[in-house]
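Report on the structure given below.
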Amino acid sequence: MAYAYDDQNIFAKILRGEIPNSTVLETEHALAFHDIRPHAPVHVLVIPKGPYVNWDHFAAEASDAEIGDFTRAVAKVCAYLGLTPGEDGMGYRLLANSGPHSHQEVPHLHVHILAGRPLGPMLVQPG
Ligand code: AMP
């Protein structure tokens, strides 16, 4: 499978420092920043620094070091923000849209961290 990465997407521009972001945490292979249009009191995006379109692309082509660092970066953000369940945090939801049916808008892999209130059932049924 060949993955076409568009380096003009908005997260690529954030990674190059061409547009600002509100950084929460940075690791060797990942960057976490606040979503510009939050859907919950806490809404943070975690992205790999490498050029990966979606989860499938990342899983197929990222190195073990990138995958490990990115996975741990998500948990680090949750710990840093006091969300980790069992450690006084009330938990969080992770969401990674991949492809058209998911409504992915930005073609650079990102995991949404949503928290800060009871989030309700996972999906609202259409209609
Ligand atoms: P998705 O629909 O899963 O692709 O989510 C893309 C997310 O990126 C949306 O929640 C947007 O609000 C968010 N977003 C778009 N541009 C920016 C930006 N410049 N800084 C932070 N978040 C952004």
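The values are calculated or read from the model by the stated rules, or taken from the named source; none is laboratory data. Computed from a predicted structure; not experimentally measured. Note: ideal-geometry Cβ built from the backbone for every residue, glycine included; neighbour counts use all protein chains shown. In case anyone asks, the SASA skips ligands and DNA or RNA and just uses the protein heavy atoms, side chains included. Shrake-Rupley method; radii C 1.70, N 1.55, O 1.52, S 1.80 Å.
Within region 42-74, restricting attention to residues that are open to solvent by less than 10 Å² (accessible area, probe 1.4 Å) and aliphatic (A, V, I, L, M), the residue that is nearest to Ala12 (Cα to Cα) is Ile47.
Residues checked against (1) in contact with a helix residue (DSSP H, G or I) (Cβ under 8 Å, 6 or more places away or on another chain); (2) within 11 Å of the ligand (Cβ to nearest atom); (3) in contact (Cβ under 8 Å) with a residue 12 or more places away in the chain:
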{"site": "Asn21", "(1), (2), (3)": "yes, yes, yes"}
{"site": "Leu25", "(1), (2), (3)": "yes, no, yes"}
{"site": "Glu61", "(1), (2), (3)": "no, no, yes"}
{"site": "Ala75", "(1), (2), (3)": "no, no, no"}
{"site": "Gln104", "(1), (2), (3)": "no, yes, yes"}
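Restricting region 88-127 to residues that are of a type in the set (A, V, I, L, M) and farther than 28 Å from Gln8 by Cα, which is most open to solvent (accessible area, probe 1.4 Å)? Looking at residues that are of a type in the set (A, V, I, L, M) and farther than 28 Å from Gln8 by Cα, I get Met90. One residue alone among His39, His43 is more than 13 Å from the chain's Cα centre (by Cα) and either in a helix (DSSP H, G or I) or of a type outside the set (A, V, I, L, M) (or both), and that residue is His39.
The number of residues in region 1-19 that are out of contact with any helix residue (DSSP H, G or I) (no Cβ under 8 Å at 6 or more places or on another chain), within 11 Å of the ligand (Cβ to nearest atom), open to solvent by 20 Å² or more (accessible area, probe 1.4 Å) and assigned to a loop (DSSP other than H, G, I, E, B) comes to 1.
Taking Ile36 as the residue in question, decide whether it is of a type in the set (A, V, I, L, M), free of Cβ contacts under 8 Å to residues at least 40 places away in the same chain and open to solvent by 30 Å² or more (accessible area, probe 1.4 Å).
Numbers: of a type in the set (A, V, I, L, M): yes; free of Cβ contacts under 8 Å to residues at least 40 places away in the same chain: yes; open to solvent by 30 Å² or more (accessible area, probe 1.4 Å): yes.
Yes; evaluated as a whole, the condition is true for this residue.
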